[in-house]
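Taken together, the values in this text are just the output of simple stated rules run on the coordinates, not laboratory data. Values in this document were obtained by computation on a predicted structure and should not be read as measured data. So basically every Cβ, Gly included, is an ideal-geometry build from the backbone, and we count neighbours across all protein chains shown.
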Amino acid sequence: MKAVLSIQSQVAGARVGNSVAAFALERLGVPVIALPTTLLGRRPDRGAPGGGPVAAETLASMVEALDADGALRSVSHVLSGYIALPEQADVVLEAVKRVRAANPAAQYVCDPVMGDAPGAFVKPEIIEAIRKRLAPAADLLTPNHWEMETLADAKLPTLETTHAGARSFGKPIIVTSAPREKGIATLYASPQATWLVETPQIPGAPKGAGDLFTALFVARRALGQSVVVALEAAAGAVHDVIVHSALEGGPHLALVSAQEKLEHPDTWPTAQAYPG
């Protein structure tokens, strides 16, 4: 069984970053090697988070140790999310290089965690590192709509302009929270095909839904499922988890109590060819 190397934040008291990704991936049966870019007690939006970034040198030494132990030979996908320091981008790229040396077919998926409406929650130098170094190296990007506009350095107010902006990158991009009058649209755009899935919008969704979507999509691709199946299943499962979380009323994604939905979502939206 191939594994996923997930390089993201680790927040002890919240379901974001690797606290979401590792659980979701392994719930679907995909082994995870989880590397933390930062160690925090809680989300920064809830107050002083405690902890702090993992030094790039420390992160790099962990990658070296994994490589020396042969662990990277089992990796089919490298997934990067939140980075806490711009120099961590070089560590991510080195990890991708080492994984591909052992498995040339390995894919690099970059979730460019930079911000959301109404703005950025990382420093400008981190945005620059993602835009200039990580995004060009990725096989797949999974931005939310605000991050898509930031990557494109342009306003993309409609689904049509978002589609054009994504296609201009010449590689597969999944835009979550793409503009739509009603509901939540997830747009997969690649040079070969474009697919759109839509689910109802649930007000007040907890943080971490984007991290969850990307992890579920990568898990299903690692299991050999098609792009369309992975897209539909991931979007449906995220919707179901958000609904379950809203019913529980807690501040975080209710992953444990809703874990069955990750593998067997009740909601299964049909991907539509776009434009079509």
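If I stretch the segment between K2 and L223 completely, what's the gain in nm (0.36 nm per residue apart, minus their alpha carbon distance), one decimal?
Result for the pair: 78.7 nm of gain on full extension.
Quickly estimate the mean residue ellipticity at 222 nm for the chain, helices only: each DSSP H run with n ≥ 4 gives -39500 (n - 2.57), and the total goes over all residues, rounded to 500.
Value at 222 nm, helices only: -11500 deg cm²/dmol.
Checking the table K155/K207; K97/K261; K97/K155 against a 31 Å threshold on Cα-Cα, which pairs fail?
Table pairs above 31 Å Cα-Cα are K97/K261; K97/K155.
In the chain, which whole DSSP H runs stretch at least 24 Å along their own axis (Cα) and average -0.5 or higher on the Kyte-Doolittle scale?
Length and hydropathy pass: 227-248.
Normalised by the number of residues in the chain, what is the relative contact order in percent for Cα pairs under 8 Å and 6+ residues apart?
Reported relative contact order: 16 percent.
Of M114, I173, T142, whose Cα points farthest to the positive end of the dipole of segment 3-273 (charges on the beta-carbon: +1 Lys, Arg; -1 Asp, Glu; origin at the Cα centre)?
It is I173.
Going by how many other Cβ atoms sit within 10 Å of their own, how do D111, D266, D211 line up, fewest first?
If I rank by nearby Cβ atoms, fewest first, I get D266, D211, D111.
Report for the chain the percent antiparallel among DSSP-assigned beta bridges with both residues inside it, nearest 5.
On the way: 17 of 37 bridges.
Antiparallel: roughly 45 percent of the beta bridges in the chain.
With all pairs of different alpha carbon atoms counted, what Kirkwood hydrodynamic radius in Å does the chain show?
Taking every pair of different Cα atoms in the chain, averaging 1/r and inverting gives 18.6 Å.
Picking from A137, A193, A235, which is most flexible by a Gaussian network model of the chain using Cα springs under 10 Å?
A193
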